[in-house]
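Peer 1: Sharing a structure with you now.
The values are calculated or read from the model by the stated rules, or taken from the named source; none is laboratory data. Small disclaimer: the values here were computed from a predicted structure and weren't measured. Cβ atoms come from the backbone with ideal geometry, glycine included; neighbour counts cover every protein chain shown.
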Amino acid sequence: MAGTEEGHQHPLALNQHHRVSSSHLKEGFLQRLLLITYLKKQIVRAGDVDLDGQLDFEEFTEYLRSHEKRLKLMFRSLDRNNDGQLDVGEIQQSLHSLGVDVTLEQAAKILQSMDTDHSMTIDWFEWRDHFLFNPLHNMEEIAQYWKHSVMLDIGELLTVPDEFSEKEKQSGFVWRQLMAGAVAGSVSRTGTAPLDRLKVFLQVHGQSSDKGNMWRGLRAMVKEGGLTALWRGNGINVLKIAPETAIKFLAYEQIKCLMRGRNEGGTLKVQERFVAGSLAGATAQTVIYPMEVLKTRLTLRKTGQYSSVADCAKQILQKEGVLAFYKGYLPNMLGIIPYAGIDLAVYETLKNAWLQRHTEGSPHPGVLVLVGCGTVSSTCGQLASYPLALIRTRMQAQASVKGAPQLSMLTLFRSIVAQEGVVGLYRGIAPNFLKVIPAVSISYVVYEHMRKVLGVGT
């Protein structure tokens with residue numbers, strides 16, 4: 001391992017008698033105490049060549065040498081002007097290239113956490129001393145923790161896609177993360193399907209006195225088809241996760257290339273992400289929208305009405321024509337804008353507020369912060385777009401409700417407000433909010449488990 005240069009003080013510095021003082025020893029020990037359990041597992045896993053579950057002296061020495069070499073390469077890649085120092089601008093640029101935008105003030109706080117000589121720059125030795133026994137703390141992991149678009153699933157996939165680095169795309173990290181999110185969404189939606197069906201039921205039958213509240217709605221569904229009726233429409237709801245996620249990500253990358261040029265690197269600014277994300281969401285929704293219509297019809301179906309998804313599609317095609325698969329398309333497209341915009345704005349605000357206050361500690365914000373930020377932002381987006389979602393559902397279901405007139409979006413909007421008041425635009429929002437906590441909890445736990453299974457972030 002390379003020695004220290006003259007004038008550079010090691011964390012366990014020698015006093016004038018060339019001994020480690022008790023105060024330095026105590027300080028160094030306390031700084032590392034909280035990381036011992038994690039470090040032991042990580043270092044043993046990384047350096048255990050003979051796989052005997054422990055490190056001998058040669059293995060430990062080799063681990064330090066190889067880890068120091070990796071740190072040296074990382075330092076050189078970040079040192080853009082090759083002056084042997086990292087400044088605030090280089091810290092900010094390195095995070096930006098990984099999909100996390102921070103202000104110069106926030107970048108300065110990150111720099112200060114490593115700047116032991118208070119020079120407002122980081123030399124190689126400060127960089128090495130900070131990271132050598134601290135493998136969790138690296139720039140890329142700070143960015144990875146905040147990639148939230150596939151982490152939480154509350155029943156909608158209208159969030160703006162996350163930014164991924166070229167390294168993440170080439171290594172297959174992106175598709176493993178998307179797969180982990182799809183599996184988590186499938187389990188989450190299945191677990192909360194009764195509340196989702198109740199939401200759709202109230203959106204369509206909200207004005208009906210015999211089905212107009214949660215308890216009566218639940219009783220009506222169970223009475224009509226038994227307990228299993230609470231999961232009607234869940235199969236198609238789960239089935240559409242994978243194609244929608246994949247199409248949205250691919251569309252986002254293509255739109256990003258058109259906006260910034262294929263040869264120009266870097267990530268998009270927040271406002272550019274909103275535009276690209278909204279267009280990508282609209283593209284994905286356009287392709288999979290017939291599945292949305294099928295989901296609504298299957299959710300509302302009576303016992304014996306359809307024998308399968310294919311039978312439902314066949315009956316709609318025969319009785320109503322191809323255009324029936326795009327009923328409610330306009331309010332659905334309009335709903336993407338407030339959902340994506342508010343979700344992104346709230347999430348970025350909460351993320352930057354946390355980064356501004358916690359740049360000196362661990363880059364991991366903690367489960368409660370990650371889940372809390374994602375839940376609050378998605379819920380705000382859903383709340384803003386809910387009236388349009390309700391109108392979309394009513395339009396999708398019109399032909400399935402006997403005797404219901406086929407109304408346009410504006411006519412239906414005026415009709416709901418005239419007959420039920422503004423509150424009519426928020427029918428079914430109670431079960432929608434009730435499913436948020438269980439949906440988020442299930443999707444996060446499954447997502448984290450799938451990340452480990454698929455080797456994401458390891």
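Peer 1: Please state which of the following conditions Lys435 fails to meet, knowing it meets all the rest: (1) at pLDDT 90 or above; (2) buried (at least 18 other Cβ atoms within 10 Å of the Cβ); (3) not small (Gly, Ala, Ser).
Peer 2: Result: Lys435 passes all but (1).
Peer 1: While we're on this one: Among the helices (runs of 4 or more DSSP H) confined wholly to region 79-148, which include 3 or more residues that are crowded, with 17+ Cβ neighbours inside 10 Å and modelled with pLDDT of 70 or more? Break it down stepwise before answering.
Peer 2: On the way: elements: 88-97, 104-112, 124-131, 139-145.
Fully inside region 79-148 and qualifying: 88-97, 104-112, 124-131.
Peer 1: Within the bounds of region 399-409, is there any residue that is surrounded by fewer than 16 Cβ atoms within 10 Å (Cβ to Cβ), modelled with pLDDT of 85 or more and either farther than 24 Å from Ile336 by Cα or assigned by TED's automatic domain parsing to the domain that holds Trp175 (or both)?
Peer 2: Yes: region 399-409 contains one or more residues that are surrounded by fewer than 16 Cβ atoms within 10 Å (Cβ to Cβ), modelled with pLDDT of 85 or more and either farther than 24 Å from Ile336 by Cα or assigned by TED's automatic domain parsing to the domain that holds Trp175 (or both).
Peer 1: Could you count how many residues in region 306-355 are under 30 Å from Thr103 (Cα atoms), β-branched (Val, Ile, Thr) and free of Cβ contacts under 8 Å to residues at least 40 places away in the same chain?
Peer 2: As a first pass, look at region 306-355 and keep what is under 30 Å from Thr103 (Cα atoms): 336-355.
When the remaining residues are screened for being β-branched (Val, Ile, Thr), the result is 336-337, 342, 346, 349.
From the residues that got through so far, the ones that are free of Cβ contacts under 8 Å to residues at least 40 places away in the same chain too are 346, 349.
Residues meeting the conditions: 2.
Peer 1: Those residues that are among the basic types (Lys, Arg) and within 13 Å of Pro194 (Cα to Cα), I need them from region 423-437; list them, please.
Peer 2: Answer for region 423-437, where residues must be among the basic types (Lys, Arg) and within 13 Å of Pro194 (Cα to Cα): just Lys435.
Peer 1: Could I ask something else about it? Could you tell me whether Gly281 is assigned to a loop (DSSP other than H, G, I, E, B) and assigned by TED's automatic domain parsing to the domain that holds Gly225? Before you say what the answer is, go through the steps one by one.
Peer 2: On the way: assigned to a loop (DSSP other than H, G, I, E, B): no; assigned by TED's automatic domain parsing to the domain that holds Gly225: yes.
So Gly281 fails the test.
Peer 1: Check region 172-195 and report whether any residue there is on the phi > 0 side of the Ramachandran plot and modelled with pLDDT under 65. Don't jump to the end; show me each part of the working.
Peer 2: Taking region 172-195 and keeping what is on the phi > 0 side of the Ramachandran plot, we get 172.
Now drop any that are not modelled with pLDDT under 65, which leaves none.
No; the residues of region 172-195 include none that is on the phi > 0 side of the Ramachandran plot and modelled with pLDDT under 65.
Peer 1: From the list Val322, Val287, Val309, Val270, which residue is in the same structural domain as Leu198 (by TED's automatic domain parsing) and modelled with pLDDT under 90?
Peer 2: Working: Val322 fails: modelled with pLDDT under 90; Val287 fails: modelled with pLDDT under 90; Val309 fails: modelled with pLDDT under 90.
Of Val322, Val287, Val309, Val270, the one residue that is in the same structural domain as Leu198 (by TED's automatic domain parsing) and modelled with pLDDT under 90 is Val270.
Peer 1: Another question, if that's okay. Given (1) modelled with pLDDT under 85; (2) in a helix (DSSP H, G or I); (3) more than 18 Å from the chain's Cα centre (by Cα), identify the lone condition not met by Gly212.
Peer 2: Only one criterion is unmet by Gly212, namely (2).
Peer 1: I'd like to know if region 267-275 contains one or more residues that are surrounded by 16 or more Cβ atoms within 10 Å (Cβ to Cβ), among the hydroxyl-bearing types (Ser, Thr, Tyr), touching a His at 6+ places or on another chain (Cβ under 7 Å) and not in a helix (DSSP H, G or I).
Peer 2: Yes, region 267-275 contains at least one residue that is surrounded by 16 or more Cβ atoms within 10 Å (Cβ to Cβ), among the hydroxyl-bearing types (Ser, Thr, Tyr), touching a His at 6+ places or on another chain (Cβ under 7 Å) and not in a helix (DSSP H, G or I).
Peer 1: Given the criterion free of Cβ contacts under 8 Å to residues at least 40 places away in the same chain and in the same structural domain as Pro431 (by TED's automatic domain parsing), identify the matching residue among Glu224, Glu253.
Peer 2: On the way: Glu224 fails: free of Cβ contacts under 8 Å to residues at least 40 places away in the same chain.
Matching residue, one of Glu224, Glu253: Glu253.
Peer 1: Something else: Inspect region 222-233 for any residue being surrounded by fewer than 17 Cβ atoms within 10 Å (Cβ to Cβ), among the aliphatic types (A, V, I, L, M) and within 28 Å of Val453 (Cβ to Cβ) and give the result as yes or no.
Peer 2: No, that holds for no residue.
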